[in-house]
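Values in this text are rule-based calculations from the coordinates and carry no lab data. These figures come from a predicted structure and were not determined experimentally. Cβ coordinates were reconstructed from backbone atoms using ideal geometry, including for glycine residues, and neighbour counts include every protein chain displayed.
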Amino acid sequence: MSPFFVIRLVLDFTAAGLLLAALAYWWLDNTSHELIGTGMFVLLVSHNVFNRRWWARLPKAVRGRPSFLTIASNISIALAISALLVTSVLISRTVFAFLPLSGGPTAREIHILAAYWAFILAAVHLGLHWSMIMVVIGRLLRVGAPNAIRTACLRAVAGAIAAYGIHSLFVMGIGDKLMALPSIDFWDFQESTIGFFLHHIAILGACACAAYYAAVWLRWAGAVRRVADAGE
């Protein structure tokens, strides 16, 4: 396995961690929030540079029979991140304060909306690439051949995380945030900081699981359809 590929994977997970940290705005001061966001954008730019061939092949893929979920998720997250970047520049009070730009309440609302959509879409992106990630982790840890007990335990853990993630969706009011509905509920970081991150990690896990099994089901349905077509 290429060490360069492992480094890319570490950078991708670092970008996801920075996005999660940036969501904790009321735990940070504004300067820290902007610096974390800037670091995340730098890593995301590097991610797309590394994957520029995928974008170059996209026009041909659209005309073929690609993975619809992968293309839809990649384009959606690119749009969300673009909106996040533009609004970040408009409302910046530190990093981009030197620019002759200013954004009002609307830009802030779009910024928050784009941030939560980017978070959910990043989880979907993770889920769609989970098989590859597990292969990489397995090789790094030198895990042996598939084991029924180990597989059952991992699925049980994933199920528990997904169940807690569904609960966390309601606790954190993610639905309202994804629809830009006004809310006066803010997480009390003085009472619990770790709870905020645990809820969001569980939400990430739930969305990743949903994306992973949706992709598995679509592949299975496609295989069944091809067999049926061949038998006609």
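Structural remarks
- The Cα atoms of the range 96-172 give a gyration tensor whose axes a ≥ b ≥ c have a/c of 1.5 or more with a/b no greater than b/c, which makes the shape oblate.
- Likely footprinting exposure, Asp185, Asp176, fewest C-beta neighbours within 10 Å first: Asp185, Asp176
- Report note on the peptides 96-102, 153-159, 80-86: ranked by the mean count of other C-beta atoms within 10 Å, highest first, their order is 80-86, 153-159, 96-102.
- Cβ-Cβ distance of Val136 and Ala97, R₀ of 41 Å, FRET efficiency by 1/(1 + (r/R0)^6): the value works out to about 0.55.
- Ranked Glu34, Glu191, criterion: other C-beta atoms within 10 Å, fewest first: Glu191, Glu34
- Farthest toward positive dipole pole in the chain [+1 Lys/Arg, -1 Asp/Glu at C-beta], among Ile120, Tyr212, Pro105: Tyr212
- In nm, spacing of pseudo-spin labels at Ser183 and Ala156 (7 Å Cα→C-beta vector): 3.3 nm
- Shape of the chain, Cα gyration tensor, a/c cut at 1.5: prolate
- Span-rule helices in the chain, defined as complete DSSP H runs reaching 18 Å or more along the axis (Cα) with Kyte mean at least -1.0: 3-23, 30-50, 68-91, 105-128, 148-171, 194-231
- Gain on full stretching of the segment that runs from Asp176 to Ser2 - 0.36 nm per residue minus C-alpha separation: 58.4 nm
- Loop-located chymotrypsin sites (Phe, Trp or Tyr not before Pro) in the range 144-225 whose Cβ has at most 11 other Cβ within 10 Å (DSSP): Phe186
- Cα-centre dipole for the chain with unit charges at Cβ (Lys and Arg positive, Asp and Glu negative), debye to 20: 1260 debye
- Counted residue by residue at 0.36 nm each, then reduced by the alpha carbon distance between them, the extension gain from Ile112 to Thr193 reaches 27.2 nm.
- Helix-only [θ]222 nm of the chain, DSSP H runs n ≥ 4, -39500 (n - 2.57) each, per residue, nearest 500: -26500 deg cm²/dmol
- Here r is the Cβ-Cβ distance between Ala148 and Ala210 and R0 is 25 Å; the resulting FRET efficiency, rounded to 0.05, is 0.55.
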